[in-house]
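Notes follow the structure.
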Amino acid sequence: MLIESIVRKTLGVKDHRVVSVEGDLDGLVIELDKKRSRKLPCSCCGGRAKVYDRLPQRSWRHVPLWGIPTNLLYRPARVRCPQCGIKVEKLPWAKGKDRLTIPLVIALATWSRLLAMEVVAKLFGVSWPTVGAAVRRAVEYGIDRRKTDGVLYIGVDEVSRKKGHVYHTVVYDLSAGRLLWTGAGRGKETLERFFAEWGEERTKRITAICCDMWDPYANVIKEKAPQATLVFDKFHLVRHLLKAVDAVRKDEARELKKQEPELLKGTKYIWLKNPWNLTPKQRSRLGRLEKLNLKINRAYLLKESFQEVWDFSYRGCARRYLKKWFWWATHSRLKPMRDFAWLLRRHEEDVLNWFKVPITNGKVEAMNNNAKAVSHRSRGFRSEKWFNTIMLHCLGKMPMPEFVHKFA
């Protein structure tokens, strides 16, 4: 197959022809021209009209052919459109005044979902800003065309962009497992910005929202989406419980440091693990420690008894059990466990909402790990803008621009 035929088929041109292909291994230059007496589509309405005049020749960067840099040359025509007036023709291989062809945008953006942008730039022999422009185009296209009617359950969390406690708030569609929005910060203003951009109409369709017990998030959700059921993530709740148990262990280890410094050494995960995940050695040591009247053992028993709340089928039964557990924890004479019990009491209604809508941020945590992987492979991002763009591109599951030829 001739190069001219490859160009015509991959560009999908019908109103244009390949005039010449010149160059060598250092680069190819493909010159195009319009076919004679052919009406061309208007760039505004798409209707066909007669050619009015021709503009100066322009150049577009195209997908490398066998690794050889390729450029397209063409003199765009202006058409006399009955509806729009004198307008530039709609080019099948480029949009507006972009210097990149649509196939190159698709190719760069597709590979940028799999590799770091710097690696993609080296593979295609282009600069990093060129890859960035392609990714930005793809994200703009995807945001305009993604379907959000079915977004009923969302999860809200934060992810670290770089060292120094630089956080971004992330909002996920829990049903589709995709990123909907991300913004710098994890305060009240950040989440308010999401609801402002999401709009009242789409917000009203949200049925339930899952997040951790971070007050700025909870307050904004109750204010901006009062119809949605707020569910506090049970895994974050258990994380607070494990932190309280470990605090009891540390306090008791300090008390026993002079008398029996080796008694609790290396036992951290014995108390934090689920019983069925213990190794035989850990199980044996736990059996010996349980015979002693240790504070950490009381905390461990409270931890295990708390897990039973998720076994109930009805919200009322779970509420009655939590009431008993609250009494046990507040009378345990263990300050970390008392603090956790009061934290639970303050957020009890939203914790029990899990029995209404059993959603968790499990998918959110998985996607947060994917976000970290994307950030690590790119060695991090200096600016908020590019972090948001790449996260939406890689995790948003947004549609890509369509073309006659697929590149992945």
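Only helices (runs of 4 or more DSSP H) wholly contained in segment 344-408 count here; list those with 3 or more residues that are in contact with a Leu (Cβ under 7 Å, 6 or more places away or on another chain) and more than 15 Å from Val159 (Cα to Cα).
Values: elements: 348-352, 362-377, 384-395.
Helices (runs of 4 or more DSSP H) meeting the threshold: 348-352.
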Practice prompt. Could you check, for segment 74-87, whether at least one of its residues is in a loop (DSSP other than H, G, I, E, B), surrounded by 13 or more Cβ atoms within 10 Å (Cβ to Cβ) and either under 29 Å from the mean Cα position of the chain (by Cα) or among the small types (Gly, Ala, Ser) (or both)?
Written response: no
Discussion item. For the list (1) in a loop (DSSP other than H, G, I, E, B); (2) of a type outside the set (Ser, Thr, Tyr); (3) buried (at least 16 other Cβ atoms within 10 Å of the Cβ), I need the number of the one condition that Asn297 fails.
Written reply: (1)
Item to complete: Output the number of the condition that Thr229 fails; it satisfies all remaining conditions of (1) touching a strand residue (DSSP E or B) at 6+ places or on another chain (Cβ under 6 Å); (2) free of Cβ contacts under 8 Å to residues at least 60 places away in the same chain.
Response: (2)
Worksheet item: Is there a residue being part of a strand (DSSP E or B) and surrounded by fewer than 19 Cβ atoms within 10 Å (Cβ to Cβ) anywhere in segment 88-98?
Response: yes
Practice prompt. Would you mind telling me which numbered condition in (1) assigned to a loop (DSSP other than H, G, I, E, B); (2) of a type outside the set (Gly, Ala, Ser); (3) touching a residue at least 24 places away in the same chain (Cβ under 8 Å); (4) surrounded by fewer than 17 Cβ atoms within 10 Å (Cβ to Cβ) Val13 fails?
Written response: (4)
Worksheet item: Gly23 fails exactly one of the following numbered conditions: (1) on the phi > 0 side of the Ramachandran plot; (2) part of a strand (DSSP E or B); (3) without any contact (Cβ under 8 Å) to a residue 12 or more places away in the chain; (4) not basic (Lys, Arg). What is the number of that condition?
Response: (3)
Worksheet item: Looking at segment 272-291, which of the residues that are among the hydrophobic types (A, V, I, L, M, F, W, C) and closer than 21 Å to Glu308 by Cβ is surrounded by the fewest Cβ atoms within 10 Å (Cβ to Cβ)?
Response: Trp276
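Results for (1) farther than 26 Å from Leu152 by Cβ; (2) in the same structural domain as Trp327 (by TED's automatic domain parsing); (3) under 33 Å from the mean Cα position of the chain (by Cα); (4) touching a residue at least 24 places away in the same chain (Cβ under 8 Å), shown as yes or no for each residue.
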{"position": "Asn219", "(1), (2), (3), (4)": "no, no, yes, yes"}
{"position": "Asp251", "(1), (2), (3), (4)": "yes, yes, no, yes"}
{"position": "Leu256", "(1), (2), (3), (4)": "yes, yes, no, no"}
{"position": "Lys265", "(1), (2), (3), (4)": "yes, yes, no, no"}
{"position": "Leu272", "(1), (2), (3), (4)": "yes, yes, yes, yes"}
{"position": "Gly287", "(1), (2), (3), (4)": "yes, yes, no, no"}
{"position": "Ile296", "(1), (2), (3), (4)": "yes, yes, no, yes"}
{"position": "Tyr300", "(1), (2), (3), (4)": "yes, yes, no, yes"}
Fill in: Residues (over 14 Å from the mean Cα position of the chain (by Cα) and surrounded by fewer than 18 Cβ atoms within 10 Å (Cβ to Cβ)) located in segment 171-194
Gly185, Gly187, Lys188, Glu189, Glu192, Arg193
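Going by what's in this entry, would Gly396 be described as surrounded by 17 or more Cβ atoms within 10 Å (Cβ to Cβ) and of a type in the set (Gly, Ala, Ser)?
Values: surrounded by 17 or more Cβ atoms within 10 Å (Cβ to Cβ): yes; of a type in the set (Gly, Ala, Ser): yes.
Yes: the conditions hold for Gly396.
Does segment 230-250 contain at least one residue that is part of a loop (DSSP other than H, G, I, E, B), under 30 Å from Thr169 (Cα atoms) and among the aliphatic types (A, V, I, L, M)? Give the derivation first.
Applying the first criterion (part of a loop (DSSP other than H, G, I, E, B)) to segment 230-250 yields 233.
Subset that is under 30 Å from Thr169 (Cα atoms): 233.
So of that shortlist, the ones also among the aliphatic types (A, V, I, L, M) come out as none.
No; the residues of segment 230-250 include none that is part of a loop (DSSP other than H, G, I, E, B), under 30 Å from Thr169 (Cα atoms) and among the aliphatic types (A, V, I, L, M).
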Worksheet, complete the sentence: Residues in segment 330-374 that are surrounded by fewer than 14 Cβ atoms within 10 Å (Cβ to Cβ) and among the hydroxyl-bearing types (Ser, Thr, Tyr) total 0
Worksheet, complete the sentence: Within segment 331-348, residues in contact with a helix residue (DSSP H, G or I) (Cβ under 7 Å, 6 or more places away or on another chain) and either among the β-branched types (Val, Ile, Thr) or touching a residue at least 40 places away in the same chain (Cβ under 8 Å) (or both) come out as Leu334, Pro336, Met337, Asp339, Phe340, Leu343, Leu344
Practice prompt. Of all residues in segment 195-224, count the ones that are in contact with a helix residue (DSSP H, G or I) (Cβ under 7 Å, 6 or more places away or on another chain) and either hydroxyl-bearing (Ser, Thr, Tyr) or loosely packed, with under 12 Cβ neighbours inside 10 Å (or both).
Written response: 2
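The values are calculated or read from the model by the stated rules, or taken from the named source; none is laboratory data. None of the values given here were measured: they were computed from a predicted structure. Cβ atoms come from the backbone with ideal geometry, glycine included; neighbour counts cover every protein chain shown.
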